[in-house]
Amino acid sequence: HSVKQTTDGGYIITVETDSYGSGNTDVWLIKTDSNGDSLWTKIYGGSSTDIGRSVAQTIDGGYIITGYSSSISTNDYYDLWLIKTDSNGDSLWTKGFGGDHWEFGYSVEQTTDGGYIVTGYTESFGNGSSDVWLLKTDSNGDSLWSKTFGGSSTDLGYSVKQTQDNG
């Protein structure tokens, strides 16, 4: 679902896999060199469905992944999921965000304050059947604020970038 070039000239890739892991579908993180040869791979997930949609390298050399998970949800729906790893892909922390319905994370990037900005959509909060969800966290993945955008029908957020004025 997502590939980014890393500071060493290689690539970091997040996909979903049914072949490896412990659940129906798990997040698969792949680190390659500049030729695309695999250096390491990691699997994240539980006994249900877990999907990674976006990955970014962090200022400490690690990675941040967003997606969605039914393994961490307290109901039968997906929660937006953040996974922070070190430079070897070992999980440092994971955080889930959600309500009584579906929540999806589609894009994440680290902000200049060391935290993270995530977008996707929510069916638990907002005005319509689904609304764009913008979530800001600190460097530990703890929520600082969230905003929804949308009308009475379906509204989805697929990409987010911090602007030069820190917006």
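Scanning region 74-93 for residues that are out of contact with any Phe, Trp or Tyr (no Cβ under 7 Å at 6 or more places or on another chain) and polar (S, T, N, Q) gives Thr74, Asn75, Ser87.
Do you know which of the residues in region 129-167 that are hydrophobic (A, V, I, L, M, F, W, C) and under 22 Å from Val3 (Cα atoms) is farthest from the chain's Cα centre (by Cα)? It would help to see each step written out before you state the result.
If we filter region 129-167 for residues that are hydrophobic (A, V, I, L, M, F, W, C), which is where we start, we get 132-135, 144-145, 149, 156, 160.
In the following step, the residues that additionally are under 22 Å from Val3 (Cα atoms) were identified as 134-135, 156, 160.
Details: Leu134: 12, Leu135: 11, Leu156: 15, Val160: 12 Å.
The extreme case among them is Leu156.
Among the residues of this structure, Asp90 counts as one that is among the charged types (D, E, K, R), at pLDDT 95 or above and either touching a Ser or Thr at 6+ places or on another chain (Cβ under 9 Å) or closer than 23 Å to Gly45 by Cα (or both).
Residues that are among the β-branched types (Val, Ile, Thr) and open to solvent by less than 20 Å² (accessible area, probe 1.4 Å): find the strands (runs of 3 or more DSSP E) completely inside region 43-153 holding 2 or more of those. Steps first, answer last, please.
Details: elements: 50-57, 63-69, 79-85, 91-97, 103-110, 116-122, 131-137, 143-149.
Filter on region 43-153 gives 50-57, 63-69, 79-85, 116-122.
Residue count for region 1-30 satisfying the condition of being within 30 Å of Tyr77 (Cβ to Cβ) and open to solvent by less than 40 Å² (accessible area, probe 1.4 Å): 11. Here are the criteria: (1) in contact with a Ser or Thr (Cβ under 8 Å, 6 or more places away or on another chain); (2) open to solvent by less than 60 Å² (accessible area, probe 1.4 Å). Tell me which single one Asp33 does not satisfy. So the condition that Asp33 fails would be (1). Residue check: Asn75 meets all listed conditions (1) touching a strand residue (DSSP E or B) at 6+ places or on another chain (Cβ under 7 Å); (2) closer than 26 Å to Trp145 by Cα but one, namely (1).
Scan region 27-45 residue by residue and report those that are under 16 Å from Ile83 (Cα atoms) and modelled with pLDDT of 95 or more.
The first filter runs over region 27-45 and keeps only residues under 16 Å from Ile83 (Cα atoms), leaving 27-31, 41-45.
Within region 27-45, Val27, Trp28, Leu29, Ile30, Lys31, Thr41, Lys42, Ile43, Tyr44 meet the criteria.
The set of residues in region 154-167 that are open to solvent by 40 Å² or more (accessible area, probe 1.4 Å) and part of a loop (DSSP other than H, G, I, E, B) comprises Asp155, Leu156, Tyr158, Ser159, Lys161, Gln162, Thr163, Gln164, Asp165, Asn166, Gly167.
The values are calculated or read from the model by the stated rules, or taken from the named source; none is laboratory data. Please read these numbers as outputs of a predicted model, since none were measured by experiment. Positions of Cβ are generated from backbone atoms using ideal geometry, with glycine treated the same way; all protein chains shown enter the neighbour counts. When the accessible area is computed, the model is the full protein with side chains, heavy atoms only, and any ligands, DNA or RNA have been set aside. Shrake-Rupley method; radii C 1.70, N 1.55, O 1.52, S 1.80 Å.
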